[in-house]
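Since the structure comes first, as structure tokens, the remarks are kept for the end.
Read-outs throughout are calculated quantities, based only on the coordinates presented, and are distinct from any laboratory measurement. Remember, it's a predicted structure, so these values are computed and weren't measured experimentally. Virtual Cβ from ideal backbone geometry, glycine too; neighbours counted across all protein chains shown.
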Amino acid sequence: MSDNWIEVGSLNDIPQQGARVVQTEKGDIAVFRTVDDELFALRDKCPHRGGPLSQGIVHGKRVACPLHDWKINLANGEAVAPDEGCTTSFPVKLEGERVMLSLAANKGCAGN
Amino acid sequence: MKEKLVVIGNGMAGIRTVEELLKVAPDTYDITVFGAEPYGNYNRIMLSPLLAGEKTIDDIMLNDEQWYVDNGITLHKGKEVTEIDRVGRRVVAVDGSSEKYDRLLIATGSTPFIIPVPGNDLEGVVSFRDIHDVDRMLQAAKQHKHAVVIGGGLLGLEAANGLMQQGMSVTVVHLMDTLLERQLDKPAAEMLKKSLEERGLNFLMGAQTEAIVGKERVEKIRFKDGTEIYADLVVMAVGIRANTALAKKAGIHCERGIVVNDTMQTFDPRVYAVGECVQHRGITYGLVAPLFEMAKVCANHLAQYGIGRYQGTVTSTKLKVTGIDLFSAGDFHGDENTEELVFQDASRGVYRKLVVQNNRIKGAVMYGDTLDSNWYFDLMRDETDISDFRDKVLFGQAHHLGDAGHGEEQRVAAMSDDTEICGCNGVCKGDIVKAITEKKLFTLDDVRAHTKASSSCGSCTGLVEALLAHVVGGDYSTAPHLKPMCGCTVHTHDEVRAAINGQELKSIPEVMKTLEWKTPDGCPKCRMALNYYLLCAWPGEYQDASQSRFINERAHANIQKDGSYSVIPRMWGGDTTPAELRAIAEVAEKYKVKTVHVTGGQRIALFGLKKEELPAVWDDLNNAGLVSGHAYGKALRTVKTCVGKEWCRFGTQDSTRMGIELEKMTWGCWTPHKFKLAVSGCPRNCAEATIKDFGVVSVDSGWELHVGGNGGVKVRATDFLCHVKTGEEVKEYCAAFMQLYRENAHYLERTAPWVERVGLSYIKEHIVEDEEGRKKLAERFLYSQKFSQQDPWKERAQGAEKHEFEPLLQVMNEKVLVNS
Ligand SMILES: Cc1cc2nc3c(=O)[nH]c(=O)nc-3n(C[C@H](O)[C@H](O)[C@H](O)COP(=O)(O)OP(=O)(O)OC[C@H]3O[C@@H](n4cnc5c(N)ncnc54)[C@H](O)[C@@H]3O)c2cc1C
Ligand code: SF4
Ligand code: SF4
Ligand code: FES
């Protein structure tokens, strides 16, 4: 994996239990911060009908899509059963206070 | 050092309480249990299948002795407690040993009633209460032929059925002329009797026992009318009495049972009591469902959370005779104020009767096919209005939902383990069977809690029930309870609100910690509700948790299906000016708004804005004096008006001005669900006030106030609240009503269902009849408005919550373009 890390901001830029969007030419990426300050990054597009996941409610390690309330696993982008579908996830990490994102998608879901 | 908890009675209620306590506060007490029976804890209700030979003792054990060891509990089995020394705080057992306590739990169950006739102490006369009794019956069945069961109630019939299965010839003697007279109506009881007779049971109805005759062992029974029948085993199943002897001796107040309060404490607050031995609000119980609820509350109190209250239980009945399905609940006899819906198909052996009052089910009797019993029971308990489907209700839930997916026991038995039972939550048969056997579940609610099956739409309830029946043998019971807020907690909306107020909880994490949330930070359902409850309870003090708000309320605009937003500025009372219209037109052009639409609430909506543009749009609108219309929130939406007496020839009052004043008073207010008002200038009601949450209709003599209306999916016309004379009164009543709704309704409950749930008389009592209470409510409303009437658009146009509207970063060709 040729991780090409980009500094996208600092931890404080992202609200706890919330998300911010990184715009790229291939579409938006949502960077999530959980209640325990864990970071995750997903393509900002719900596998259901493309709802912006960054606008959803972050709870535990999941986000509920704002459009029809599908729950998506932050770690791998998989919809929580009984819904089925998957959204691309991206590596993201914290270096000190700096949030580092890689645009090289994680392997995982097919498609997208 | 840990406090000491001593439990008297190793039965179902006592140990269930200990289990609940271990769940919530495992390290609080050193626990010692005394049990008169020489066993671990077993499932008493399964004694019937044990007698019938369908189960073994191992099958019916709930907690074996190892469980006590594993949980550090000292068990004294086979040791009856003979004395409670409340001054010395210790109990004394039959062998003279004693144990000190800090808290004591009495769960001594009940004792079978033995009718006072000569010969009732002869050998061969038994009751049906514990394993020892079953042993004696099984012994008798091996050596003797004629069994007589006195009592045609549930217990008696189950005993009779069991003894018949063991090869005895059995006669049931019953004092009344119908069986199960407390559980069934006459037609159902007749059907039951007929099918039991077909299976080989004999009945003597209306027979009063005078004496039991024999030398050492029973030989005959003699009745009042002089007739006699042979008997070498007599089972007394005529009823039970709460076992209060020990408590009485210790001076604890008892009536028919040990009297307890809503936290399961006796008159000595160190001493708790649960189970069949107690009397709560004048009622004693003889089924397990209430005990489970009592156990929960008691454990909660022992763990010193003190928020649970036991409020009594609605119980239902099923008979555990394999192959016979009957069910009853509630007031199934009815009276002159009720109606009966009856379905009877004698050749199929099916009978159902629903007793209905005001389109709500008050009671139900079912015989032959009880697959829908839970559905009826839920409808009854929730007091659901059945008028929508009253014509089909007798045909069952499958018919009602248009879903033939219900199966019976044989069908579930034949299913493979990976057959999906619950489509909503994706639960398969195998998961459920495993949970039932490993976790020893035997109520539908337990299965719901552990597997999530049947916890959403409920259409698979019949299948889950059939599966339970198949695995545990048709002898589970329903434990009805009030619905928790969501899967993250066991508490109901009302309990949570009471705790927020009573224990002064002031943040979401604090609520979750104090009330033992099961998830680290809740779910969308509960977080949004908690945020609202806290906001309502602590105006001016509570800091809104924006991440616990749905996106529309966080962004102060409505998200649309393509992820763009719509914006609706407020137009007070539906009035506007050329200047406002010009400003809106300019914004629409400047930001290339795709659609401009006049809404149903008399406002103008701009569709298709990007989130990043919102602060700038708002700034432009603000400059023309336009503020947020809160069209996105669980909040005051709009006040719709007609032009009233200023222009209309029918108008009786200045309804437009009233609308504007009401909107100025109420805007910015957060409510459990959206809230709409309207004011019409005369009873022609052009503003459609009678489908609003609060509607005002002008009349010559003043104003008529209406509440609880709703357009939308399910139209409901308002209820008439009262008539008032002055405009000031209109405002006071409106503020008070809104505050009552804010403080009392559940989150996401519109006024229409809320008014139906609490009843119009409750609303009238607080708003119309209680002047002082109304003024206080209105005051609280106006106080909280001080903090909520800031235009959220203005704050954001000036830079608040910036992160909400800006991307974190823009990257092109892997190059960083904009850094926020
Ligand atoms: C045959 C049968 C079938 C039933 N079927 C159903 C059914 O289908 N559905 C349903 O809901 N309910 C059913 N019930 C009722 C249900 O079993 C009881 O409601 C429940 O067991 C009561 O629990 P409890 O803890 O209050 O009493 P118990 O379970 O009776 O426990 C009390 C225990 O305390 C012990 N004890 C009493 N005094 C002392 C003392 N001084 N010292 C030490 N120990 C003492 C007793 O020996 C007993 O073990 C059935 C009952 C029977 C007998
Ligand atoms: S409600 Fe009455 S006053 Fe108002 S516009 Fe209609 S007719 Fe006129
Ligand atoms: S009626 Fe239906 S489609 Fe139309 S706005 Fe309301 S929710 Fe949307
Ligand atoms: S688009 Fe996400 S749930 Fe429908």
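For the reader, a short list of remarks on this structure follows.
- The residue among B:Gly644, B:Gly11, B:Gln785 whose Cα reaches farthest toward the positive pole of the charge dipole of chain B, with charges on the beta-carbon of Lys, Arg, Asp and Glu, is B:Gly644.
- Shape metrics for chain B, restricted to C-alpha atoms - Rg then Dmax, Å: 32.5, 108
- Straight-distance crosslink candidates among lysines, where the alpha carbon sits under 19 Å from B:Lys429 and sequence neighbours closer than 8 are dropped: B:Lys439, B:Lys440, B:Lys452
- Gap separating the Cα centres of region B:151-223 and region A:1-68, nearest whole Å: 69 Å
- Taking the charge dipole of the protein assembly as shown about its Cα centre, with +1 at Lys and Arg Cβ atoms and -1 at Asp and Glu Cβ atoms, the residue from B:Ala247, B:Gly167, B:Gly275 reaching farthest to the positive side is B:Gly275.
- Taking other residues whose beta carbon is less than 11 angstrom from the beta carbon of B:Gly251, and scoring Lys, Arg as +1 and Asp, Glu as -1, yields +1.
- The rule of thumb for compact globular proteins, 2.2 N^0.38 Å, goes into the C-alpha radius of gyration of the protein assembly as shown 1.12 times.
- Treating r as the C-beta distance of B:Phe395 and B:Val117 and R0 as 60 Å, the FRET efficiency rounds to 0.80.
- Shielding score for A:17-29, defined as the mean number of other chain Cβ atoms within 10 Å: 5
- For the residues of A:81-88, the average number of beta carbons from a partner chain within 10 Å of their own beta carbon is 2.
- Cα gyration tensor of region B:114-198 - equivalent ellipsoid semi-axes, whole Å, descending: 23, 16, 11
- Taken about its Cα centre, chain B carries a charge dipole of about 1280 debye when Lys and Arg each add +1 at the Cβ and Asp and Glu each add -1 at the Cβ.
- C-alpha center-to-center spacing [region B:312-382, region B:525-564] in angstrom: 43 Å
- Compared with the rule-of-thumb size 2.2 N^0.38 Å for a compact globular protein, region B:567-686 has a Cα radius of gyration ratio of 1.12.
- When both region B:268-297 and region B:239-260 are represented by their alpha-carbon centers, they are found 12 Å apart.
- Extension gain, B:Val87 back to B:Met205 (0.36 nm per residue minus Cα-Cα distance, nm): 37.3 nm
- Think of chain B as having a plus end and a minus end, set by charges on the Cβ of Lys, Arg, Asp and Glu; of B:Ile150, B:Ser507, B:Ala687, B:Ala687 sits farthest toward the positive end of this dipole.
- Separation of the alpha carbons by more than 30 angstrom is noted, of B:Lys525/B:Lys714; B:Lys4/B:Lys525; B:Lys611/B:Lys775; B:Lys590/B:Lys692; B:Lys193/B:Lys220, for B:Lys4/B:Lys525; B:Lys611/B:Lys775; B:Lys590/B:Lys692.
- Taking a ≥ b ≥ c as the square roots of the eigenvalues of the Cα gyration tensor, region B:105-145 is classed as oblate, since a/c reaches at least 1.5 and a/b does not exceed b/c.
- In terms of its alpha-carbon gyration tensor, region B:21-140 comes out oblate; a/c meets the 1.5 threshold, while b/c is at least as large as a/b.
- Percentage of interatomic Cα-Cα distances in chain A larger than 22 Å: 23 percent
- Among A:Ser89, B:Ser546, a tally of other beta-carbon atoms within 10 Å of each Cβ gives an order, fewest to most, of B:Ser546, A:Ser89.
- The value given for region B:325-401 is a Kirkwood hydrodynamic radius of 12.3 Å, derived from the mean inverse Cα-Cα separation.
- Along principal axes, Cα extents of region B:683-820, largest first, whole Å: 71, 34, 30
- Convex hull projection area averaged over all views, region B:76-233, Cα basis, nm²: 12.3 nm²
- Neighbour-limited loop hits for GluC sites (Glu not before Pro), region A:4-112 (at most 11 other Cβ within 10 Å; DSSP other than H, G, I, E, B): A:Glu25, A:Glu97
- Counts of other chain beta carbons within 10 angstrom of each beta carbon in peptide B:520-526 average 6.
- Take every pair of alpha-carbon atoms less than 8 Å apart whose residues are at least six positions apart; their mean separation over the length of chain B yields a relative contact order of 7 percent.
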